[in-house]
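Engineer: Would you mind keeping the following structure in view while I ask a few things?
The values are calculated or read from the model by the stated rules, or taken from the named source; none is laboratory data. Only a predicted model underlies this, so the values are computations on that prediction, with no experimental measurement involved. All Cβ positions, even for glycine, are placed from backbone atoms using ideal geometry, and neighbour counts span all protein chains on display.
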Number of protein chains: 4
Amino acid sequence: MLKIDNFKSIIDKYEVIFFDAFGVLKNYKGLLPDIGNTFAYIEAQNKEYYIVTNDASRSPLQLAESYHKLGLHAITSDRIVSSGMLAKEYLDLKVHDGIVAYLGTENSAHYIDSSGLHTLPVGAIDESNIERVNALVFLDDEGFDWFKDLNKVVNLLRKRPIPVIVANTDYAYPVNKHEVSIAVGGVAKMIENIVERDFIRFGKPDSQMFMFAYDLIREYRPITKKEIVMVGDTLYTDILGGNKFGLDTVLVFSGNTLPDAAETQMKTTGIVPTYICESAVIDSGLF
Amino acid sequence: MLKIDNFKSIIDKYEVIFFDAFGVLKNYKGLLPDIGNTFAYIEAQNKEYYIVTNDASRSPLQLAESYHKLGLHAITSDRIVSSGMLAKEYLDLKVHDGIVAYLGTENSAHYIDSSGLHTLPVGAIDESNIERVNALVFLDDEGFDWFKDLNKVVNLLRKRPIPVIVANTDYAYPVNKHEVSIAVGGVAKMIENIVERDFIRFGKPDSQMFMFAYDLIREYRPITKKEIVMVGDTLYTDILGGNKFGLDTVLVFSGNTLPDAAETQMKTTGIVPTYICESAVIDSGLF
Amino acid sequence: MLKIDNFKSIIDKYEVIFFDAFGVLKNYKGLLPDIGNTFAYIEAQNKEYYIVTNDASRSPLQLAESYHKLGLHAITSDRIVSSGMLAKEYLDLKVHDGIVAYLGTENSAHYIDSSGLHTLPVGAIDESNIERVNALVFLDDEGFDWFKDLNKVVNLLRKRPIPVIVANTDYAYPVNKHEVSIAVGGVAKMIENIVERDFIRFGKPDSQMFMFAYDLIREYRPITKKEIVMVGDTLYTDILGGNKFGLDTVLVFSGNTLPDAAETQMKTTGIVPTYICESAVIDSGLF
Amino acid sequence: MLKIDNFKSIIDKYEVIFFDAFGVLKNYKGLLPDIGNTFAYIEAQNKEYYIVTNDASRSPLQLAESYHKLGLHAITSDRIVSSGMLAKEYLDLKVHDGIVAYLGTENSAHYIDSSGLHTLPVGAIDESNIERVNALVFLDDEGFDWFKDLNKVVNLLRKRPIPVIVANTDYAYPVNKHEVSIAVGGVAKMIENIVERDFIRFGKPDSQMFMFAYDLIREYRPITKKEIVMVGDTLYTDILGGNKFGLDTVLVFSGNTLPDAAETQMKTTGIVPTYICESAVIDSGLF
């Protein structure tokens, strides 16, 4: 039997709490009821939080706004670390000119805009500009014609030896209780198989996500890995990534992983969280 | 340096010649000039031929007609073995009732029609019929909405533990000198990754393709594997598959594999044909 | 809940029964008690059987003897089809001269002896003979020095572009109730990763195993796939392979797959047997 | 044609130079002749260096000594970052008590010693202590019995759901001009396949290696990623890893990658270094 811990007492032991977004703070129905309590408690205790998410479809500003609309006003954009931000950092540091082709919505492309670079949807690549394409980014599963543009991508990569960045490592994401949608990370995997290349993937479980958040904290205060705990609903991304980076970790049952399956999965994968909680919600009567 | 053999003298040594279609008999421009000579010679010498192809988009009858239209009248439908025929055999033997959902054109679905089974495009699956879906077949990369129907397939497979047949193992196929299209085998691979299942794949290099042709011959005459030679343009499908089944093999340079690359590829893969020829075309002056 | 069928009534419906060996007829403790009844019944009913096994460590003659020693005298060597026999057929048809290097016991090498070929353990390959090595076969996980000979194999394959045959597709096999041993198929997979090549693998679930047995039958009598049933304890090899070849299949719980896990596995893999039985043992009182 | 840059002028543009060890500073014959000049120039220019290596077989102190013995006295242990150090950090942060089982030499195990933990070779695990084994580390390909201990590891992992750390991501390493040895990363991959788990791998191209070195610098001085350049001989580890972390990169031809192959590899992999140099050696007459 799995030992279930109390989430409030876990917060008490750490200085900074990293949260996965989907399955931890919200799900397909909206915010988790009373998750606002958790952020009130974090503020009251002078703790800090970061949201570490494999969501590259929108900018941190837009992601923060989406929480406000749902009624969670505590979230600020400077506390959101997304795989899209790593994609942007890569482009800033490594691609100095030309065109960045992308698959995704116009919205997802806005925030990877980088000085000196021009973003262009794959659909707009043609013979007149293909020679100036210096990178390709997979941002979102929507906003393009799968048949036409994925075929175009395969031929683009046969002609141009450019870096390809996948800003979301997930293969699928839930859209309601019983159904999932193919994520852009799953689409990218198909192209990797066809062109026989490994793309550059940003997102949990890769350490670079955690390092990005860790660096943000260190810019204004000292911190050690022992003072941070990562909270997530998925063993293979949140818990594995947090463990590998050296953080303590909390598995919650409010998303992908159900209690019944958790024990088996932990046994077969060897991915074991430091703590297990029903959810990240704190009862308001507790403080 | 690779030793180049004379194709005519190879024919002389065998009773039956297996040909790959694309890159051997035809390419994106149409038939290989003078390939008709080869079939005239085969007939004159009382040899036999089979076309062994990973093309499940049309029936053998339609495939034969397409050769006739191009001017190669020697090809008859009973000598064409396609991966689609193996898909059909599977359905005949293993799926006894209900609906076979498919991805592909209506045309590709016609010939997998099997007594007692009802074929239905994935786009037409809904709550009223999903419980009767007993198999899913990937037939062609055209004829469906990639975004909508591939997402639908993922959710279908989460609900129904049914066999999935991929009637084309190729990931991509050439459409002109410089460009390829994603084949339905590549699309199927994406879905395999997402649902974490291995589908049933028919097509070279799998032995079952060769066995199917071998069995067709044995129905009307005795034959041994030593009397058959497989001619193909691709080391990984035609030559590997032929070798593994125990046939002698001929690599030709009229398709996928160029002379410069062949030597390196043979060295790194260990896939070595019995013979190498420029093409399967015989000079008409030779006989 | 899974519906459990009566094994005797399944035999009644088919002409030929294919059995997996390990987990069906025997396990680490020896023969399954009363499995002899099953073969007595098969004989009494004028049915036929074949044993279709991924065991390349011994010849069919030696395998048959091992059953006799255990007390099952009904088994004759002509009814045993092993992945090692496919390796031998490959060498007979495709390797015409020189040395066949092998990993395995001397015993396992005996029966791949082929006219014109010389078998040599990898440990005996040196500068004086390496140029004559024309094939490499993985036969058994015992009989060689893993550290020395596996390193030797990697360097042999960097120098010689030869076919590599793996005569056992399994990664591990049970040695007692709680422990397994690494099979030579698992060892071969390591070498494939290191030299970045795909080897030629014979063994279930590959169709060539079933085709070999099917061909043996057709040499002396007419048969169709509908008249054969495959009995195995492993979904991924016995059942998948049997299904793909077009046979009806029986999953038994006397080996690898336990009743509790079977339902989940069938759901997640989509590999579904035609029947499920507790075991292949028939109560002697039944006939 | 590839443009070849001058290594000295590259050093001039950066504050810190990261070097891969094998193939850049040394090879199977020993130190690269005159590589000492490069370190003299780095010191003269007040630049800094780090050695970032996938070598977990020895501690930084022992690695530094090995350079001294070869005659390169400039190397100090505080400038060596090895994948073994990340393994040690993981154990320090994540494994709080019990036994750490390891595969490797005693030497390789010394430096992962961590307060509160007890290291034990896999060969010494038995029924009396297996319940206290809380982690397994792959350190070196030598120092253990491959047959006996790898089989033991498979069974250990079937019984204990513990984290497994692979302190070397390489599959093979060169031992002389024509031969390689299987690295412990290749051995670990075999076990991953057999137990169907993904282990925690430290080493290039993973970002955590670069982050570790980057953090070491930031402890005593400010630095940005733009001021660091990574020098390596392997596209897939050094260059891909450096690029992904956001560093400029230099491919040298003194090791794994030959000029002829580089252009093809860059085209097929899309992994392109910022610069290409013959080697990291500077002519002493140049400064």
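Engineer: Among what's in the range A:228-241 and is touching a residue at least 40 places away in the same chain (Cβ under 8 Å) and not hydrophobic (A, V, I, L, M, F, W, C), pick the residue that is nearest to D:Asn193 (Cα to Cα). Don't jump to the end; show me each part of the working.
Structural biologist: First, the residues of the range A:228-241 that are touching a residue at least 40 places away in the same chain (Cβ under 8 Å): A:228-234, A:237-238.
With not hydrophobic (A, V, I, L, M, F, W, C) added as a condition, the list becomes A:232-234, A:237-238.
Working: A:Gly232: 27, A:Asp233: 26, A:Thr234: 22, A:Thr237: 20, A:Asp238: 23 Å.
Checked the range A:228-241; the qualifying residue nearest to D:Asn193 (Cα to Cα) is A:Thr237.
Engineer: Restricting to the range D:158-175, give me the number of residues that are crowded, with 22+ Cβ neighbours inside 10 Å and of a type in the set (A, V, I, L, M, F, W, C).
Structural biologist: 4
Engineer: So, one more: Please report, ordered by residue number, the strands (runs of 3 or more DSSP E) entirely within the range B:12-121 with at least 3 residues that are without any contact (Cβ under 8 Å) to a residue 60 or more places away in the chain and in the same structural domain as B:Ala188 (by TED's automatic domain parsing).
Structural biologist: B:99-103, B:118-121
Engineer: For the range A:158-169, enumerate the residues that are facing another protein chain (nearest Cβ under 7 Å) and either in contact with a helix residue (DSSP H, G or I) (Cβ under 6 Å, 6 or more places away or on another chain) or free of Cβ contacts under 8 Å to residues at least 24 places away in the same chain (or both).
Structural biologist: Residue satisfying the conditions is A:Pro161 alone.
Engineer: So which residues in the range C:108-130 are within 14 Å of chain D (Cβ to nearest Cβ) and either over 24 Å from C:Asp55 (Cβ atoms) or in contact with a Gly (Cβ under 6 Å, 6 or more places away or on another chain) (or both)?
Structural biologist: C:Ile125, C:Asp126, C:Glu127, C:Ile130
Engineer: If you go through the range B:180-216, how many residues are over 25 Å from B:Thr105 (Cβ atoms) and either of a type in the set (Ser, Thr, Tyr) or free of Cβ contacts under 8 Å to residues at least 12 places away in the same chain (or both)?
Structural biologist: Final tally of qualifying residues: 5.
Engineer: Right, here's the next one. Give D:Ala172, D:Ala188 a once-over and let me know the one that is at the interface with another protein chain (Cβ under 9 Å from one of its Cβ atoms) and closer than 25 Å to C:Asp170 by Cα.
Structural biologist: Going through D:Ala172, D:Ala188 in turn, just one is at the interface with another protein chain (Cβ under 9 Å from one of its Cβ atoms) and closer than 25 Å to C:Asp170 by Cα: D:Ala172.
Engineer: Read through the list (1) modelled with pLDDT of 95 or more; (2) touching an Asp or Glu at 6+ places or on another chain (Cβ under 9 Å); (3) surrounded by 19 or more Cβ atoms within 10 Å (Cβ to Cβ); (4) within 13 Å of another protein chain (Cβ to nearest Cβ), then give the number of the only condition that A:Ala64 fails.
Structural biologist: (4)
Engineer: Which residue out of B:Arg197, B:Arg218, B:Arg201 is basic (Lys, Arg) and more than 21 Å from the chain's Cα centre (by Cα)?
Structural biologist: B:Arg197
Engineer: Let me ask something additional. Please determine whether any residue of the range B:102-111 is over 19 Å from the mean Cα position of the chain (by Cα), crowded, with 21+ Cβ neighbours inside 10 Å, more than 30 Å from B:Ala262 (Cα to Cα) and modelled with pLDDT of 95 or more.
Structural biologist: Checked against the condition, which is being over 19 Å from the mean Cα position of the chain (by Cα), crowded, with 21+ Cβ neighbours inside 10 Å, more than 30 Å from B:Ala262 (Cα to Cα) and modelled with pLDDT of 95 or more, the range B:102-111 yields no hits at all.
Engineer: Is it the case, given these coordinates, that A:Ser9 is among the hydroxyl-bearing types (Ser, Thr, Tyr) and touching a residue at least 12 places away in the same chain (Cβ under 8 Å)?
Structural biologist: Here the answer is no, as A:Ser9 does not meet what is asked.
Engineer: Could you check how many residues of the range A:240-287 are within 26 Å of D:Phe202 (Cβ to Cβ) and of a type in the set (S, T, N, Q)?
Structural biologist: 7
Engineer: Within the range C:248-264, is there a residue that is touching a residue at least 60 places away in the same chain (Cβ under 8 Å), crowded, with 24+ Cβ neighbours inside 10 Å and within 25 Å of B:Leu136 (Cβ to Cβ)?
Structural biologist: Taking every residue of the range C:248-264 in turn, at least one turns out to be touching a residue at least 60 places away in the same chain (Cβ under 8 Å), crowded, with 24+ Cβ neighbours inside 10 Å and within 25 Å of B:Leu136 (Cβ to Cβ).
Engineer: In addition: Hey, can you tell me all the residues within the range D:119-152 that are within 24 Å of A:Pro273 (Cβ to Cβ) and not small (Gly, Ala, Ser)?
Structural biologist: Across the range D:119-152, the qualifying residues are D:Ile130, D:Glu131, D:Arg132, D:Val133, D:Asn134, D:Leu136, D:Val137, D:Phe138.
Engineer: Against the condition assigned to a strand (DSSP E or B), surrounded by fewer than 23 Cβ atoms within 10 Å (Cβ to Cβ) and either in contact with an Asp or Glu (Cβ under 9 Å, 6 or more places away or on another chain) or within 12 Å of another protein chain (Cβ to nearest Cβ) (or both), how does A:Ile276 come out, does it pass?
Structural biologist: On the way: assigned to a strand (DSSP E or B): yes; surrounded by fewer than 23 Cβ atoms within 10 Å (Cβ to Cβ): yes; either in contact with an Asp or Glu (Cβ under 9 Å, 6 or more places away or on another chain) or within 12 Å of another protein chain (Cβ to nearest Cβ) (or both): yes.
Considered against the rule, which asks whether it is assigned to a strand (DSSP E or B), surrounded by fewer than 23 Cβ atoms within 10 Å (Cβ to Cβ) and either in contact with an Asp or Glu (Cβ under 9 Å, 6 or more places away or on another chain) or within 12 Å of another protein chain (Cβ to nearest Cβ) (or both), A:Ile276 comes out as yes.
Engineer: Could you count how many residues in the range D:5-35 are more than 17 Å from D:Ile239 (Cα to Cα) and not aromatic (Phe, Trp, Tyr)? Steps first, please.
Structural biologist: Quick first cut of the range D:5-35, residues more than 17 Å from D:Ile239 (Cα to Cα) only: D:6, D:8-9, D:12-13, D:15, D:26-35.
Keeping just the survivors that are not aromatic (Phe, Trp, Tyr) gives D:6, D:8-9, D:12-13, D:15, D:26-27, D:29-35.
Total meeting the criteria: 15.
Engineer: Another question, then. Would you check which residues across the range D:48-61 are modelled with pLDDT of 90 or more and among the acidic types (Asp, Glu) and list them?
Structural biologist: D:Glu48
Engineer: Could you tell me whether D:Phe147 is farther than 30 Å from A:Arg201 by Cα and modelled with pLDDT of 95 or more?
Structural biologist: Working: farther than 30 Å from A:Arg201 by Cα: yes; modelled with pLDDT of 95 or more: yes.
The answer is yes for D:Phe147.
Engineer: Take C:Asp20 and decide whether it is of a type outside the set (Gly, Ala, Ser), crowded, with 17+ Cβ neighbours inside 10 Å, at pLDDT 95 or above and more than 21 Å from B:Asn243 (Cβ to Cβ).
Structural biologist: yes
Engineer: Of these, D:Lys244, D:Lys225, which one is free of Cβ contacts under 8 Å to residues at least 24 places away in the same chain and either more than 11 Å from chain A (Cβ to nearest Cβ) or within 23 Å of A:Ala87 (Cα to Cα) (or both)?
Structural biologist: When all the criteria are applied, what remains is D:Lys225.
Engineer: Within the range C:261-271, is there a residue that is touching a Ser or Thr at 6+ places or on another chain (Cβ under 8 Å) and among the aliphatic types (A, V, I, L, M)?
Structural biologist: No, the range C:261-271 contains no residue that is touching a Ser or Thr at 6+ places or on another chain (Cβ under 8 Å) and among the aliphatic types (A, V, I, L, M).
Engineer: Across the range C:136-153, which residue is farthest from C:Val164 (Cα to Cα) among those that are more than 8 Å from chain D (Cβ to nearest Cβ) and part of a helix (DSSP H, G or I)?
Structural biologist: C:Lys148
Engineer: Any idea which of (1) more than 14 Å from chain A (Cβ to nearest Cβ); (2) of a type in the set (Asp, Glu); (3) under 27 Å from A:Lys152 (Cα atoms) is the one B:Glu219 doesn't satisfy?
Structural biologist: If we test B:Glu219 against (1) more than 14 Å from chain A (Cβ to nearest Cβ); (2) of a type in the set (Asp, Glu); (3) under 27 Å from A:Lys152 (Cα atoms), just (3) comes out false.
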